[in-house]
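Everything on this sheet refers to the single structure shown next.
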Amino acid sequence: MKNKMLKFIDVQQETPEKRSTAKRKGDFSEIYKDYIINKATEQSSRCSQCGVPFCQIHCPLGNNIPDWLKLTAEGRLKEAYEVSQSTNNMPEVCGRICPQDRLCEGNCVIEQSGHGTVTIGSIEKYITDTAWEKGWVKPFKVKRELKQSIGIIGAGPAGMACAEELRKSGYQVTIYDRYDRPGGLLIYGIPNFKLEKYVVERRTKLLKETGIKFVQNFEIGKDQTLHELREKHDAILISTGVYKAREIDVPGNNLKNIFPAMEFLTASNKKGLGDKVKSFDDGTLNAEGKNVVVIGGGDTAMDCVRTSIRQKAKSVKCLYRRDRKNMPGSAREVENAIEEGVEFVWLTSPKRFIGEKKVEAIEINNMKLGEPDTSGRRKPEIELGSEYKIPADLVIKSLGFDPEELPKLFNAKELVVSKWGTIKIDLKTMQTNLDGVFAAGDIVRGASLVVWAIRDGRDVAAQIEKYLQLKISKNKSVKAA
Ligand SMILES: Cc1cc2nc3c(=O)[nH]c(=O)nc-3n(C[C@H](O)[C@H](O)[C@H](O)COP(=O)(O)OP(=O)(O)OC[C@H]3O[C@@H](n4cnc5c(N)ncnc54)[C@H](O)[C@@H]3O)c2cc1C
Ligand code: SF4
């Protein structure tokens, strides 16, 4: 039994696929449960209640971490859940995918003293998963229905968090989204091995049960203009995220089998959700048996390399033009990818893609780090004469995202955007330059994190509510006069 336990503890720290294989090989479910409970309790009791909760300060939601750790350590899980969900609309999502090493856990006092951080994220996940399992997570009941309605464009975490907060106050909320499923990047961007899709689906189901309306396959700009939508609602939130993939300008870019990251990840996620995906089923977007090369060093690139490994690629390489220390992605993600067999080719950049009709190889340049640029990071420079070729059957470009041209797309040329294309808002009211039109999430910040999108969604809900209440009181005073 002890060996089995140890074996299970090992796989618990590995991939969900490996975990489920382990479960299939022997019935570890009870051991698994006990292990998780013991681990969560043990980890929770490690919190020193330090008095200066740096973890809480560095959590974008200001989660009351010391309190829910204490409650978990005392076995008072229901109360821990109540505290946890009071500041976070999706604790089970954040617990799974926040880059904790850069946020709460990276600032844990115990970590600073060299004793290893309290695993805050996994405890947050454990508390809420338990709450779902025990039936403590229920749709809230609206106490007083209000007439005013809000139209939200985009069913990602920013839009969903805002919708939930406004609905709690009794407003009528409709979320419009061009995808066929709600969730935004939670459903079609982030892979299943990091965030299981049922976790997102049960959240959206819960929101539907509170009376929030979801209108899928509805694109603002195509099915309705922004002005038409504004006419229908008392206020509008734009939370459309950022989706324009950055390009790489080298010869051969038009060869077949070179794809932007989102195309590859969406196909894989749709497949995982049980959809028929022609481009995957005919092998085009399936990495199986292929030499895959991913270009880029951010978290999306890590998702692509790790998805390729799971699709049984022949080899997976990641090209990044700086060194490991300067990678923008989470260090933990890079470690995971290396453990899973991804080969990182740091300080390299593609010179050209080679092939007849489809890509067959990439010629790459070695790079060196030069003087710091305006951002303070050392600028990568080509090492002349360093070219060499590597084989490639499938190339995935993951160079980041920019906002789409929203004023044009929405047929609202007067909507003011920044020089990067993100929507400009009044930082206090979160309102755009258009009356009653608010914006939040990645479309304001640029590509960011789920936890920030949730924070923005909560903040903008409070601002929308203020705006609507002011409107009512103005109307009353006009009538009284
Ligand atoms: C591959 C990938 C992996 C990531 N991994 C992580 C991670 O591990 N951890 C983390 O914290 N963050 C991660 N992120 C970032 C995170 O997903 C985003 O910061 C977050 O989802 C932004 O939320 P949002 O609500 O602003 O936008 P989104 O989640 O992008 O949602 C926007 C929604 O708006 C809809 N929409 C857009 N235009 C229109 C229109 N014209 N009409 C109707 N609907 C429209 C879209 O269909 C989408 O559903 C990742 C991002 C990517 C791309
Ligand atoms: S929301 Fe993210 S940063 Fe905040 S406590 Fe949870 S895992 Fe940490």
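Among Cys162, Gly135, Leu207, which residue has its Cα furthest toward the positive end of the charge dipole of region 117-240, with +1 on Lys/Arg Cβ and -1 on Asp/Glu Cβ?
Positive-end residue among those listed: Gly135.
Divide by every residue of the chain the summed helix terms, -39500 (n - 2.57) for each DSSP H run of at least 4, and state the resulting mean residue ellipticity at 222 nm, rounded to the nearest 500 deg cm²/dmol.
Only helices count here, giving -12000 deg cm²/dmol.
For region 85-146, give the percent of accessible area contributed by carbon and sulfur heavy atoms, probe 1.4 Å, rounded to a whole number.
C and S atoms contribute 51 percent here.
Assign unit charges at the C-beta atoms only (+1 for Lys and Arg, -1 for Asp and Glu), then state the dipole size of the chain relative to its Cα centre in Debye, rounded to the nearest 20.
Around 820 debye, computed over the chain.
Name the chymotrypsin sites (Phe, Trp or Tyr not before Pro) in region 388-428 that are in a loop by DSSP and that have at most 10 other C-beta atoms within 10 Å, would you?
Qualifying residues, ordered by number: Trp420.
If you keep only loop residues by DSSP, which trypsin sites (Lys or Arg not before Pro) in region 317-402 have at most 16 other Cβ atoms within 10 Å of their Cβ?
Counting only loop positions with at most 16 other Cβ atoms within 10 Å, the trypsin sites (Lys or Arg not before Pro) in region 317-402 are Lys357, Arg377.
Given the peptides 38-46, 444-452, arrange them by the average over their residues of other C-beta atoms within 10 Å, most packed first.
444-452, 38-46
Indicate the gyration tensor shape class of the chain (rounded, prolate or oblate), computed on the Cα atoms with a ≥ b ≥ c the square roots of the eigenvalues: a/c under 1.5 is rounded; otherwise a/b larger than b/c is prolate and the rest oblate.
Verdict is oblate for the chain.
Might you report the magnitude of the Cβ-based charge dipole of region 396-481 about its Cα centre, with Lys and Arg at +1 and Asp and Glu at -1, to the nearest 20 debye?
340
Excluding same-chain residues fewer than 8 positions from Lys428, which lysines have a Cα within less than 19 Å of its Cα?
Qualifying lysines at Cα under 19 Å: Lys466, Lys471.
Could you look at region 305-433 and say what percent of its accessible area is carbon and sulfur, using a 1.4 Å probe and all protein chains?
So the carbon and sulfur contribution to the accessible surface is 49 percent.
Accessible area per residue, 1.4 Å probe, Å², for the chain: what's the number?
49
The values are calculated or read from the model by the stated rules, or taken from the named source; none is laboratory data. Computed from a predicted structure; not experimentally measured. When we count neighbours, we look across all protein chains shown, and the Cβ atoms used for this are built from the backbone with ideal geometry, even at glycine. These area figures cover heavy atoms from the full protein model, side chains too; ligands, DNA and RNA do not enter into them. Shrake-Rupley method; radii C 1.70, N 1.55, O 1.52, S 1.80 Å.
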